[in-house]
Each structure stands twice: as structure tokens, then as C-alpha cells.
Amino acid sequence: MTGRPAASVTGRLHHLFLTSTAVVLMVAGVVVLALELMSSRDTMISKAESFTGLTAPHLANALATESPLLANLLLENYFSEADLLGIYVYRLDGSDLVHMIRPGTEETLPTPDMRLKNSIKADYRFSHKLFEYSQPIRLKQELIGQIYLQYSLSTVVNQLMFYLLFGLVLYLVSLLSVYHLSRRIQRGISQPIDQLLRAMHTVIGSQKYEVRVPVPKQDSDVSDLIRGFNQMLEQIGKNTQQLAAQQKAIEQHVFFDPLTGLANRRMLLQRMEREVIRSRRSGHIGGLLYMDLDHFKTINDSLGHAIGDAILMGVAKRISAAVREVDTPARLGGDEFVVLLPELGKHDSKASNNALSVAEKVRQAISEPHLINDRVLHVTPSIGIALFDQENSNFETLIMQADLAMYRAKDEGRNRVQFFLEHMQEHADHRQQIEERLRAAIDQDLLHLCYQPQVNAKGEIFGAEALVRWKDSDLGVLNPDAFIPIAEMTDLICCLGRWVLSTVCSQIARWNEDGRYLTVSINISPREFQQKGFVESVEEIVLTTGISADQLVFELTEGVLLSDIDATIAKMKRLNRLGVSFSLDDFGTGYSSLRYLKQLPLDALKIDQSFVCDITKDANGAAIVATIIAMSRHLKIDVVAEGVEQQDQLDYLIRCGCSMFQGFLFFRPMPPEELEELIPKRHKSHLDGTLITTVPTWDGFDSY
Ligand code: C2E
Ligand code: MG
Ligand code: MG
């Protein structure tokens, strides 16, 4: 069914009704008229016949006697009918015996027709206004003359005209009535059907299901039909809406980030592909901004995820407002946002400038204070930029380049914009290489541990810190700084940590067997500590090696506090119950929160070597160290000073009340065989948790 029909059902019915009525009435009128004509003719003929029947015998006598007078007298008696205009009586030779004409009509009456005059049998003829009738007159079967009558037809014609007019009026009145009747029927039946048809065509043409057909008041099949049609439309409308909503939701889910409504990775990739094709045609350079919010994890963990989400939504809005219509802002997950900037210019310099100004605009927009739940919060982004053109257009590579640039921006102090540069790629490649080799090194047991002794104020060794070393066949001996940060970027740190822990425990077990008892500190990275099943894995290793967990100290950095603090405390307490002690490494360099410090089950703080180094260089450094020591004493936590290299540093530390030290001034990290020589053999029962040997290389303790 397409387009509107040529004529509506109503129209057709109406037309059919009127036409058929008109035809029927017309035929009926014609039949009535014809019947009337025939009956008038018959009346006229019978009138003439009865006249001649009455007069003919007498006129035969008048003709036989050649008596016009007799004929005249006779006819005068019968010449009373109003429409009888003339009477002629002829002899056999055709001459008039007598004739009589109604006065006043002599001139209008035509001369009698000869054919009638000569007719030997009765005959008649109708003309325009006249009815002529002739009858032979016989006497004893012998033809002796003829009577000829002329009747006026005006009465008949008038009557017929009256019938015709009356019929016409009746016809018109009937047609008018039929017209109105048909209209009423149309309103009752055809109009609803017509509306139904119109509605169907609208629905098919426009796919709009809001159309409704008015239901006729009177209950009938038609009203049922319309009601059903309306219900069907309502249902289809609902289904269509649901379908559209579902489709939108699917699209939203597939291509958009549910929290911020920005494009997701998939959508970004699609747009990127489109822009690369376009840039190939136009020769334009495009850009990719990759941004990450500085310390967002801290905000999320300390203020809660609801506020974190509100910030992400606010940031998304600001990014969208700061970029052009043609740009595509996207969220890749967490606090990572990307903006695709197409058509930045045809030359590198112009494109870079444009990308930089957009990135700056975005950075400033995000850095404006955020008002969330009546709190003013500050977030800043670090933004990396990578440019793309025909040659450099691989999505993953670009994301990686922009990501590298973003990390560089973070390294350089955060809240800034950094372009991707070639050497970053080299760093990244190097990182990749280290990661692969380190993985292999762990598998092939190419790592080893050395131990740096820790001493007390009396110069006795009370423990040692296990420090990992890696001897690579190509790269030589690598210090942890060269590979631990890389391992920390992936789960590799967990494998490495497990290896360190089990190596240390096995070493302690061997020493214990040998009668040498020592507490060993192990560095635990935040990622390693936070992994699921960490406590269980420690438990398992301790059990397997058969050592006592009292001989283990886990050195955590402040990074561990950046995640869920309650979970961290719970985990520490579980390990504490096993016997493990804790110290906070590199204290003062990271995210220090004194509030948390009180809550953590810590045994010691390790003052970072940068502060120890500053003791002799500037007053501030010395003051910081003194404050840390005083605070620790107040919190009843031990303090270990790391990186003690010089005598005057040690002097100052001891003056401040520090009683535990680690540094080159005493010992450098050494292989276990070497350390073993420094730990005297003892009976375990003689130990009180710390075993100790006098420092052989240094002799300044006694003066304090
Ligand atoms: P850290 O835990 O603070 O370890 C102390 C670092 O300071 C060691 O460096 C040690 O050799 C060095 N050091 C000790 N005394 C002095 C001194 O007097 N002067 C100077 N300049 N340095 C001194 P190393 O062995 O290179 O380790 C660096 C960092 O690598 C460690 O810092 C630790 O954070 C990490 N690390 C080492 N081994 C492991 C490990 O097995 N697992 C994990 N997760 N991290 C480790
Ligand atoms: Mg350490
Ligand atoms: Mg340290």
C-alpha cells in the first residue's frame, strides 16, 4: 500500500449511491411518462371511437338522404366536448356533406388530411397539437362516406407537462434527500473507515505511531476495528520506543563511557580511523592529547569513589567545553582521558602550536577549582601530545607516544603539557627490553641478593636489609634502581618479590641451622603488598622454610598508603600476627600523612638518605631529621637512619636520639657469605630478637 488511494471509500460509496439513485429515478420517471402518454393516447382514441360509434348510424342516414341539415342537427347535439375542434362528414367522392368547426379555431386548425379522408377503415394520427381520427360510414355494409374528427391535444400536453415538471421536482428532491442520507451514512460508516485508511497511510509513510483514529460513539464492527487499530498502534509505539531506547543503550554501552558520556576506546578508534583517511586526503596533521589526573588515586581513596566519580564527570564536561566540535574527547578508563584533534594544520609548526594551545586550554579548564558537595577540590592534569599524519597514524603507537609524553609531563612536576619526542620512544623501548630480560632472569635464577647490615648505637649489627642485584650477560650488574621501577609497572614485581622473600627465608633458615640468627628487612613494593593472596603466600614461604616470621621486617614505602588505607592496615595486622614487623622506608619522600602514621602497626621509620645527606649541608635538613626523630619517639616508633656516610652525620643523628643506622659508614651491601662471617654463632635461647656483633670498622660509638 503506497500513497493515497485515487478515491476514498466514502467518496466512492457516496458517488455510487447518488448515481444509482439518479438513474433509478430517471428510469422510473421515463416509464411513468411513457405509461401516461399511452394511456392518454388510448383515452383519445376511445373518446373518438365512442363519438363515431354514436354518430355514425345517424350520419349514414343523412348521407343516404343527402341531408346536410339532418347531419348538422345531429352533430350540434354531440359537439359539446371541449377538446373536439372540428367535425367533417364526407361523401364517398370526398366532398363535404357537412363540417363543423369550433368557433375561434378556424384559422389555427389545419386542413383535413386526404389520407384520412380517403381511408376505408378507421384510422388516427397524432401530430404536434392535434389528434385526428377518421371512420368510414357504411349503410348496410356499403361504404357511403366518412367522418373525420380533429381533437385538440393541449389538455393532454398540459397534463403531461405538469407530470414532467412534477416528476422533475420530485426527482431533484429525491436526489437531495439521497445526497443527505448518503452523507449521514458516510459519517456513520465510511468516514471512520476513511480516517482509518488515512491513519494507516500516515503510519506507513512517516513511521509515526502517535496517530490515533477517533472511535465512533456507536458501538459497531467499525468502532471495534478502530479500537483494535489504535491499540495496535499504541503497542507498536511502545515497542518501538523500547527498541529505540535499547538500541540507544547498546550504542551508548558499546561506544560511550557510561560514567562521563564521553566516547570510549572503541569509538575513539573509529573516529581516529576516519580522521586518518581524511588527513590523507587533506594533507592535514592531527593530534592526540593523552591526560591523566595528578594524584587522582589519593583523592579517590581518601574522599571516596562518589566524589571521585563526580570529579571525573566534571573533568569530562570541562574537556568537552574546552575543545572544538570536531574534536573527540574520550575516556579510556580510570582517570585517563584522550582528545582526538583532527586538522590542526598542514605544517608541523602550526599543528604543534594549535595542539599546544588546545592542551593548555584543557589543562587550565581542568585545574580550575571543582565545587563538589560544598567542598572545593583541586585537580590538575598531566598532558602528553602526539601528532599524526599519513605516515604516523597507527592508533596504538600514537596512544603509546602520547602516554609516554604524559609520563614525562608527570616526571617534570605534573600539571603540565609535554610533546612526545623521539628519545621518549627510546626510553620506552629500553624499558620494554629490561622488562623482557628481567622476566627471563627471574625464571633462569640470574638474580641474587646482597645484605646491608644495620647497626645500633653500640655499633652492633642487629639486622640486615636484603637488596636485590641482577647480573645480566649483556647489560652487566644492574642495581635495583635500574629495574625495580620497571618491574613495579607490571605484575613482574610480584614474581620478583616472591623470589626475594623465599630466597631470604631460605637464607635465614640456613643461617639458623648454622646457629646464626639475624633479623632481615625485605623491601616490599606497594603493588606486591596489595596483590591478592600476599599474606597467604608469606605464610606458605615461612612455613616451608621453617623459619620464625619474627626474623622478618617488611619495609613498606609511603606509596602503600595511597590505596585503601583500611585494607592496608588489616593486612599489616594479619602479618603482624604471624610475627612480621614493619618499617616505613624512605620516610619523608612520599605522601606522608601523620594521621595514617598513628594508625599503622609500624615498628620503625627509616629516614630517607636524602635527609641524612642534608644534615651537614643545610639547617633545614638537620631540622627535618631532628623533627622526624622527635615525632617517632612521641609515637613510640623506632627510627633507622639510612645512608649514613659521614661521621658528622652520625654525630648529629645520635645527638637527636637516633639509635639505629644503616649506611656505607658502617657496611656496604655484601654477599651473604660475607655477612655470615659477621654474625657470631649462638644458641637461639640467648637471643632476644636482635643479634648483634660489634662493628669492626668503626669505633666512635662509645663517646655517645
Ligand atoms: P632502599 O630500600 O632505601 O635501600 C637502601 C638503598 O640505599 C640501597 O640501594 C643501598 O645500597 C643504598 N645505601 C645504603 N647505604 C648507603 C649509603 O651510605 N650511601 C648511599 N649513597 N646509598 C646507600 P640499592 O641496593 O641500590 O637499592 C635501591 C632501592 O631499590 C631500595 O631502596 C629499594 O627501594 C629497592 N630495592 C632493592 N631491593 C629490592 C627488592 O628486593 N625488592 C624491592 N621491592 N625493592 C628493592
Ligand atoms: Mg629499604
Ligand atoms: Mg630506603
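We did not get these values from a lab; they are worked out from the coordinates using the rules stated. Values in this document were obtained by computation on a predicted structure and should not be read as measured data. Using ideal geometry, Cβ is built from the backbone for each residue, glycine included, and neighbour counts are taken over all protein chains shown.
Taking N as the residue count of the chain, its C-alpha radius of gyration divided by 2.2 N^0.38 Å amounts to 2.34. Partners of Lys248 within straight-line reach, counting aspartates and glutamates whose Cα lies under 17 Å from its Cα and excluding those fewer than 8 residues away in the same chain: Asp257. Using a simple spin-label model with pseudo-atoms 7 Å out from Cα toward Cβ, Gln364 and Asn394 lie 3.7 nm apart. Per the Cα gyration tensor, the range 576-663 maps to an equivalent ellipsoid with semi-axes of 22, 14, 11 Å, ordered largest to smallest.
Please give the contour-minus-distance gain from Asp445 to Glu251: 0.36 nm per residue of separation, less the Cα-Cα distance, rounded to one decimal in nm.
That works out to 64.8 nm of additional length.
Net length available on complete extension from Lys458 to Ala82 is 118.2 nm, with 0.36 nm assigned per residue and the Cα-Cα distance removed.
What's the angle, to the nearest 10 degrees (0 to 90), between helix 565-578's Cα axis and the longest principal axis of the chain? The answer is roughly 40 degrees.
For the range 21-87 and the range 257-322, what is the separation of their C-alpha centers, rounded to whole Å? The range 21-87 and the range 257-322 have Cα centres spaced 115 Å from each other.
With a Förster radius of 60 Å, plug the Cβ-Cβ distance of Leu168 and Lys140 into 1/(1 + (r/R0)^6) and report the FRET value to the nearest 0.05. Between Leu168 and Lys140 the formula returns 0.65.
Apply 1/(1 + (r/R0)^6) to the Cβ-Cβ distance of Thr111 and Tyr179, taking R0 = 56 Å, and write down the FRET efficiency to the nearest 0.05. Between Thr111 and Tyr179 the formula returns 0.60. For the range 98-247, the Cα gyration tensor yields ellipsoid semi-axes of 81, 15, 13 Å (square root of five times each eigenvalue, largest first, whole Å). With 22 Å as the limit, the listed pairs Lys606/Lys636; Lys410/Lys573; Lys317/Lys346; Lys573/Lys636; Lys532/Lys573; Lys532/Lys606 have Lys410/Lys573; Lys317/Lys346; Lys532/Lys606 beyond it between alpha carbons.
Report the percentage of all Cα-Cα pairs in the range 198-334 whose separation exceeds 19 Å, rounded to a whole percent. Please report the intermediate quantities before stating the final value.
Values: 6408 of 9316 pairs.
Of the Cα pairs, 69 percent sit more than 19 Å apart.
Rg and Dmax over the alpha-carbon atoms of the range 627-684 stand at 14.3, 39 Å. Each principal axis of the Cα cloud of the range 10-159 was taken in turn, and the coordinate range along them, longest first, works out to 81, 35, 24 Å. Summarising the amide proton neighbourhood of Phe462: residues at separation of 5 or more, or on other chains, whose placed amide H is nearer than 5 Å comprise Gln454, Val455, Asn456. Projected over every direction and averaged, the convex hull enclosing the alpha-carbon atoms of the range 481-621 yields 9.8 nm². I'd like the antiparallel share, as a percent to the nearest 5, of DSSP beta bridges with both residues in the chain. So the antiparallel bridges amount to about 75 percent of the total.
When only alpha carbons of the range 432-692 are considered, Rg and Dmax amount to 18.0, 50 Å.
Simple point charges give the picture: +1 on the Cβ of Lys and Arg, -1 on the Cβ of Asp and Glu, and for the range 360-482 a dipole about the Cα centre of about 560 debye. From least to most packed, judged by other beta carbons within 10 angstrom and beginning with the fewest, Ile307, Ile399 follow the order Ile307, Ile399.
Straight-distance candidates among the lysines for linking to Lys121, with alpha-carbon spacing under 27 Å and chain neighbours fewer than 8 residues away dropped: Lys47, Lys129, Lys140.
Out of every Cα-Cα pair that the range 256-420 contains, those further apart than 23 angstrom amount to 34 percent. On full extension, the segment bounded by Glu426 and Leu578 gains 50.2 nm, given 0.36 nm per residue less the C-alpha separation. Computed from point charges on the beta carbon alone (+1 for Lys and Arg, -1 for Asp and Glu), the dipole magnitude for the chain about its Cα centre is near 3680 Debye. Projecting the Cα atoms of Pro136, Leu35, Phe162 onto the charge dipole of the chain, computed from C-beta unit charges around the Cα centre, puts Pro136 farthest toward the positive end.
Measuring nothing but how far apart in sequence close Cα pairs (under 8 Å, 6+ apart) lie, relative to its length, the range 62-185 scores a relative contact order of 23 percent.
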